[in-house]
Amino acid sequence: MIEREKIYNEVKRFSSLGEKTTENNSLLIGNPDKKRPYFWLISLFSPISCDELEKLKEKIYLPNEYELFLMNCCNGLHLFSGTLSLSGYRRNMIRIPSEIIQQPFDLLTPNIDERPKNSKKEYFYFGFYKYDGSRVYINTNDHCVYFCKRYDSTPLYKWDSFDIFLKSEIKRICNLMNDLGEKNNPNCSTLPI
């Protein structure tokens with residue numbers, strides 16, 4: 001299981017642009033534009049409680065590896081302003097900036113309201129790429145992570161586990177960015193394929 005500290009070690013070079021711990025213990029890293037206090041390159045949302053986990057599990061099935069991630073590491077995250085976002089438990093639906101920066105996108109949305117066509121019941125959607133809205137999901141039969149288009153769950157890429165996916169994608173995306181959190185090549189896709 002990947003730990004919050006390992007994620008932080010991968011992204012800490014951007015802490016020179018600022019770092020903030022929010023009221024709910026979410027960690028915000030890299031604010032290159034001090035005039036925009038709610039703009040952060042990286043958001044690591046505070047882990048959820050056992051009660052919050054149970055509330056979430058009343059609505060959707062959670063694979064064990066994602067449960068562990070939500071409780072022991074992060075309740076979701078945003079890398080480079082959503083280049084890759086992993087969803088989590090929404091504690092509230094308040095839409096003011098100071099609250100929004102402390103919360104992930106809701107796991108219920110991709111798993112109930114916006115499931116891609118041809119999704120199977122064993123597909124658990126947990127993240128997406130801002131570049132084109134493509135998604136990642138865990139197939140609960142084999143516990144591999146798959147990359148697919150936004151509206152079609154046909155696998156286009158595969159990682160052998162959630163931990164492998166998370167470690168490799170954080171490293172890959174960090175390598176696409178300069179020290180200001182901007183893409184080294186503005187014309188380059190941020191997708192894994």
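The values are calculated or read from the model by the stated rules, or taken from the named source; none is laboratory data. Because the structure is predicted, anything quoted here is derived from the model rather than measured. All Cβ positions, glycine included, derive from the backbone under ideal geometry; neighbour counts span all protein chains shown. All accessible areas refer to the heavy atoms of the entire protein, side chains included, with ligands and DNA or RNA removed. Shrake-Rupley method; radii C 1.70, N 1.55, O 1.52, S 1.80 Å.
Out of T140, T154, one residue alone is in contact (Cβ under 8 Å) with a residue 24 or more places away in the chain, among the polar types (S, T, N, Q) and touching a Phe, Trp or Tyr at 6+ places or on another chain (Cβ under 7 Å). It is T140. For the range 117-143, the set of residues classified as open to solvent by 10 Å² or more (accessible area, probe 1.4 Å), under 23 Å from N64 (Cβ atoms) and not aromatic (F, W, Y) consists of S119, K120, K121, E122, R135, N139, T140, N141, D142, H143, listed by residue number.
Picking from G88, G76, which residue would you name as being under 15 Å from G127 (Cβ atoms), at pLDDT 95 or above and out of contact with any Ser or Thr (no Cβ under 9 Å at 6 or more places or on another chain)?
Exactly one of G88, G76 is under 15 Å from G127 (Cβ atoms), at pLDDT 95 or above and out of contact with any Ser or Thr (no Cβ under 9 Å at 6 or more places or on another chain), namely G88.
Test K12 against the stated conditions and say whether it is at pLDDT 90 or above, in a helix (DSSP H, G or I), touching a strand residue (DSSP E or B) at 6+ places or on another chain (Cβ under 9 Å) and surrounded by fewer than 16 Cβ atoms within 10 Å (Cβ to Cβ).
yes
Among all positions in the range 82-101, there is at least one residue which is over 21 Å from Y129 (Cα atoms), loosely packed, with under 13 Cβ neighbours inside 10 Å and among the charged types (D, E, K, R).
Among residues belonging to the range 144-170 that are over 14 Å from the mean Cα position of the chain (by Cα) and of a type in the set (D, E, K, R), point out the one that is most open to solvent (accessible area, probe 1.4 Å). It comes out as K149.
Looking at this structure, is S46 at pLDDT 90 or above and either in contact with a Leu (Cβ under 9 Å, 6 or more places away or on another chain) or within 24 Å of L180 (Cα to Cα) (or both)? So S46 fits the description; yes. Taken over the range 129-165, residues that are part of a strand (DSSP E or B) and among the acidic types (D, E) amount to 1.
The rows are residues; the columns are (1) free of Cβ contacts under 8 Å to residues at least 60 places away in the same chain; (2) open to solvent by 10 Å² or more (accessible area, probe 1.4 Å); (3) acidic (D, E).
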residue: E19; (1), (2), (3): yes, yes, yes
residue: P32; (1), (2), (3): no, yes, no
residue: K35; (1), (2), (3): yes, yes, no
residue: S49; (1), (2), (3): yes, yes, no
residue: E58; (1), (2), (3): yes, yes, yes
residue: P63; (1), (2), (3): no, no, no
residue: Y66; (1), (2), (3): no, no, no
residue: N72; (1), (2), (3): no, yes, no
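For the criterion of being under 22 Å from I2 (Cα atoms) and touching a residue at least 24 places away in the same chain (Cβ under 8 Å), F39 fails.
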